[in-house]
1. Which numbered condition trips up Leu63, out of (1) in contact (Cβ under 8 Å) with a residue 24 or more places away in the chain; (2) touching a helix residue (DSSP H, G or I) at 6+ places or on another chain (Cβ under 8 Å)?
2. Within the range 63-75, does at least one residue satisfy the condition of being under 36 Å from the mean Cα position of the chain (by Cα), exposed (fewer than 10 other Cβ atoms within 10 Å of the Cβ) and at positive phi?
3. Quick check on my filter: what residues within the range 84-98 are part of a helix (DSSP H, G or I) and either surrounded by 13 or more Cβ atoms within 10 Å (Cβ to Cβ) or hydroxyl-bearing (Ser, Thr, Tyr) (or both)?
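The numbers here are math on the coordinates, done by the rules we state, and not lab data. Quick caveat, the model's predicted, so the values are computed rather than measured. Cβ atoms come from the backbone with ideal geometry, glycine included; neighbour counts cover every protein chain shown.
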Amino acid sequence: MLQEYVPVLLQVIIATGFAVATLIASVLLGKRALRNRTKDSAYECGMLPVGDGQPRFSVKFYLVAMLFVLFDIEVVFLYPWAVSFRELAIEKELLVVFWSAMSFIVILFVAYLYALKKGALEWRN
């Protein structure tokens with residue numbers, strides 16, 4: 001039974017030996033880098049890293065992002081309904097299936113109008 005694990009053990013030993021040998025070779029044969037303040041600073045696409053790392057954003061960004069996710073998810077719920085519309089129409093009455101989706105769209109549209117009325121999508125406030 002122990003003989004079945006010999007190839008696995010051999011592979012682990014070879015992989016570990018290769019990793020250790022590669023690290024030792026890079027330390028012995030590699031050049032030493034000169035350290036200075038410029039090389040130790042964060043690289044920001046060629047720009048000097050100046051200022052705060054996390055600037056403050058307006059709440060409008062988060063509000064628009066949440067509205068986008070909300071309406072996007074609601075539209076995703078319409079896709080399976082559209083794909084299975086024929087099968088649903090055969091099993092049930094066509095008008096029931098159609099008006100159930102239309103009521104969902106109307107509720108979604110009313111929510112969109114409410115967000116517009118509240119000024120959730122206005123950027124200049």
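1. (2)
2. Among the residues of the range 63-75, not one is under 36 Å from the mean Cα position of the chain (by Cα), exposed (fewer than 10 other Cβ atoms within 10 Å of the Cβ) and at positive phi, which makes the answer no.
3. Phe85, Leu88, Ala89, Val97, Phe98
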